[in-house]
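Rule-based calculations on the coordinates, nothing more; no lab input. This one's a predicted model, so the numbers in the text were calculated from it and none came from an experiment. Virtual Cβ from ideal backbone geometry, glycine too; neighbours counted across all protein chains shown.
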Amino acid sequence: MTQQLLQQLVEMRGIETRYVDAWGKPATIAESSKAKLLNVLGYDTSNDEIIQSQIAQDIQSVWLSPLNPVQVVRSAESINLAVRLPIELVNDDHVLTVTCESGETLTHTFTPVDQEMTTMAHIDEVEFHEYIVSLPFTLPLGYHNVVLTADDDQLGVSRIIVAPQACYTPDPIKAGKKIWGLSVQLYCLRSEKNWGIGDFSDLALLIEKSASVGADFIGLNPIHALYPANPNACSPYGPSSRRWLNYLYIDVTAVEGYEDDSVKAVVGSDEFINTLEHARQVEHVDYEAVAHIKLAALKAVFEVYDAKYLRKNTKQNKAFKAFVEAGGESLDMLAVYDALQSHLKAQGKDSWGWPVFPKEFKDYHNPAVAKFKKANSQEVKFYLFLQWIAAEQLETASNKATEAGMTIGLYRDLAVGVSEGSAEIWGNKDLYCTDASVGAPPDILGPLGQNWGLPPMDPRKLYKQGYQPIIDLFASNMASSGSLRIDHVMALLRLWWVVKGDNAKDGGYIYYPVDDLLGILALESHRNQSLVIGEDLGTVPEEIRSKLADNGVYSYRVFFFEQAEDGGFFSPSHYPVQSMSTLTTHDMPTLIGYWHCLDLELGKDIGLYPTEEILQTLYADRHENKQAILDTLHGHGSIGEHVGRDVNHTGMNRDLNCGMQVHMAGGSSALLSLQLEDWLEMDKPVNIPGTFDEYPNWRRKLTQNIESMFERQDINELASKLTQARKNASNS
């Protein structure tokens, strides 16, 4: 009986027991994994009676809710609401009052028994009926509140989200324009002025320089808030909050108040000057050093700014207060978290994240946290100030792109989750399953599977919260940009959950309400005029690809993964138009690194390959792939005859490097993204997946300043060729 009951619960909670793996073979999750996944979702699976009771409770909770928490409909659809009522009420008049986002109120009076009945149930010996009520009016795009009443008694509330059919695409791209841009990890940027890490002023300069040579966008790594008190937790894909920004990207010298004598005293000290010089000179970002000097300078600037503007009735104070009010609980949560973590660290306490905070501080909603916030209001205000300044500087950079006439401007990157010790989880534990982590099942690149250490959202809790957390995520990450790349876009359909302590291969897929989430994505995309790119690599069912395409989400095509069964590489002219193509990504070697097998050499040195046999197989595959690439490039006339045809005698050089990039530019993808590292012919990767401290991930800087980079003739010639190739592709 237990397995049958477990299976019923598994189906109710959207746990997928069978899937097709990366090799195209059917796979099944273990029986033990089903029970473990249900456990992390909050269920007790110890015996039949308890399981049956929980199934009954789940069913009962639905029937005792007259309205669903939220309903997403597309603009062309009629709005049909499910209404559940006990039988004694079904002959009474009921009113559905819809308050539109604009404030307009619409009402519909109905008698349940006159509507279409879909099903019925008995709960505690009371008979309940479910009816479908069709609203006799259309609603505009947006978020609308619904209240169900009878005899002026409120019976239930709901939310209707009306979404467009598909995500936004800028008119020039819709008309066939093909564009190119540069992808960059913002922290990697070097400039004559920055403090050892790329900042928003560098970004504005890069936009200006790139636009002048034909680029239509700059793609960024996730710029989410990390941990001011723990700067070495520097992975942009393991943030503290995905709604807010990494303060390290603030250009301190551009903040009003920097020229004050009190600030000059801080930044003019010998210790500060020496640390700044070190931070600028080192090959890898020294996050400890950068955080040390930026926090010191920003605190000094804040004191000046606060005294001058934020304690008085000034326009600056009004703008600051409006920002804080709009940020709501989410912003307050982050500022309090950052202040608290800093406070605990100063006391010498373990403070990497809320799981190790003292008991009274383990939850944002605890009384002790409110007491701490009140006692440390100035410190909390400082962290609110940092977010305000960061948002303003990002917007300034984005405006540069608009002024320069870029078709897209900035495109931002939304990470798949937040790390376990994050502020986002600290403030909404009910939403997250902290005993599990997001990852990936075994595939070609990761035969043991992957565990990313990011606790997943519970899809049912997300639904009960009216999808507000996901709405906020999409909206905040589309701000000050023209496009959003969603890392692991499969998360909208399903996520591979790994229970804490288990191997990644022993996980299972949990389904999410993909159609609802895509509707919200489309709505926010139009509101923010943001094109959406979905990173659809890895184990991806074909049906989700077509669903994403139908919803206007652009696919993500990586040259090295676009291979036919015979080993040849597909021509970029065969890529979908509705896609962004690229040669490499932040998780892959640079072009030189790939061609000279430096990634395999590095992997061997740090122990990534268990046996010499595996390594030799990888070398052999690489050799074959490189020959196939040469054949493709010569076959399409993308490189001249002076570049060799035989891989045994052809190393990576500037002509081959540029030839590969121009080859991609002639393709059919609407968007082409290229890495600055390949423009600079760099050989070291920015990240090696599957490593922790074996390699300095997320730290390696570019080898040249922005200012000098665009003075190089070879770079300007490459940019000109890319622009021409894109024009030719647009006209073909």
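Mean separation of Cα pairs under 8 Å and 6 or more residues apart, divided by the residue count, gives the range 107-186 a relative contact order of 18 percent. Ordering T111, Y305, W388 by the projection of their Cα atoms onto the charge dipole of the chain, which places +1 on the Cβ of Lys and Arg and -1 on the Cβ of Asp and Glu, puts Y305 at the extreme positive end.
The count of lysine pairs in the range 554-732 with alpha-carbon distances below 28 Å, taking only pairs 8 or more places apart or on different chains, stands at 9. By definition, a body whose alpha carbon gyration tensor gives a ≥ b ≥ c is prolate when a/c is 1.5 or more and a/b is larger than b/c, and the range 536-635 fits this prolate description. Converting phi to 3J(HN,Hα) with the Karplus coefficients 6.51, -1.76 and 1.60 and the offset θ = phi - 60°, the range 112-119 yields x, 5, 8, 8, 6, 8, 9, 6 Hz in sequence order, with x at every glycine or proline.
When S235, S555, S32 are ordered from fewest to most other Cβ atoms inside 10 Å of their Cβ, what list results? It would help to have the intermediate numbers written out before the result.
Working: S235 18, S555 22, S32 11.
Fewest-to-most Cβ neighbours within 10 Å comes out as S32, S235, S555.
Among residues other than G353 whose Cβ falls under 14 Å from its Cβ, what is the net charge (Lys/Arg +1, Asp/Glu -1)? Net charge in that neighbourhood comes out at -1.
In percent, what relative contact order does the range 554-732 have, based on Cα pairs under 8 Å that are 6 or more apart in sequence?
On the way: 226 pairs, mean separation 51.6, N = 179.
29 percent.
With all pairs of separate Cα atoms included, the range 1-64 yields a Kirkwood hydrodynamic radius of 12.7 Å.
Within the set (1) 1.18; (2) 0.97; (3) 1.02, the number that Cα Rg over 2.2 N^0.38 Å takes when calculated for this structure is listed as (3). Helical runs assigned H by DSSP (4 residues or longer) give the chain a calculated mean residue ellipticity at 222 nm of -12000 deg cm²/dmol, each run adding -39500 (n - 2.57) before division by the residue total.
Count Lys and Arg as plus one, Asp and Glu as minus one, and take only other residues whose Cβ is under 11 Å from that of V418; the net charge is then 0.
At 30 Å minimum axial length over the Cα atoms and a Kyte-Doolittle cut of -0.5, report the qualifying DSSP H helices in the chain, or say none. List each step's numbers first, then the result.
Working: long enough: 315-346 (35 Å, -0.16); 377-403 (39 Å, -0.30); 612-635 (34 Å, -0.75).
Membrane-span-like by this rule: 315-346, 377-403.
Dipole check for the range 634-717: with +1 at the C-beta of Lys and Arg, -1 at the C-beta of Asp and Glu, and the Cα centre as origin, the magnitude is about 160 Debye.
Roughly how big is the range 2-62's charge dipole about its Cα centre, with Cβ charges of +1 (Lys, Arg) and -1 (Asp, Glu), in debye to the nearest 20?
Working: 5 positive and 8 negative charges, 50 e Å.
I would put it at about 240 debye.
Return the percentage of antiparallel bridges among DSSP beta bridges fully within the chain, rounded to the nearest 5 %. Antiparallel bridges make up about 60 percent of those DSSP assigns within the chain. Exposure proxy shown here: for F200, F382, F272, the number of other Cβ atoms within 10 Å sets the order, fewest to most, as F272, F382, F200.
A cut-off under 10 angstrom between Cβ atoms defines the neighbours of K308, and their net charge, with Lys, Arg +1 and Asp, Glu -1, is -2.
For the chain, the Cβ-based charge dipole about the Cα centre amounts to some 1560 debye (Lys, Arg positive; Asp, Glu negative; other atoms uncharged). For R700, the residues whose modelled amide H falls within less than 5 Å of its own, excluding neighbours fewer than 5 places apart on the same chain, are V285.
Order of S158, S525 from fewest to most other C-beta atoms within 10 Å? Walk me through the intermediate numbers first.
Numbers: S158 22, S525 25.
Fewest-to-most Cβ neighbours within 10 Å comes out as S158, S525.
Short-range pairs are left out: with C-alpha atoms under 8 Å and at least six residues apart, the relative contact order of the range 2-62 is 31 percent.
Please state the shape class of the range 580-732: rounded when a/c is under 1.5, otherwise prolate if a/b exceeds b/c and oblate if not, all from the C-alpha gyration tensor. Oblate shape, in that a/c is at least 1.5 and b/c is the bigger or equal ratio.
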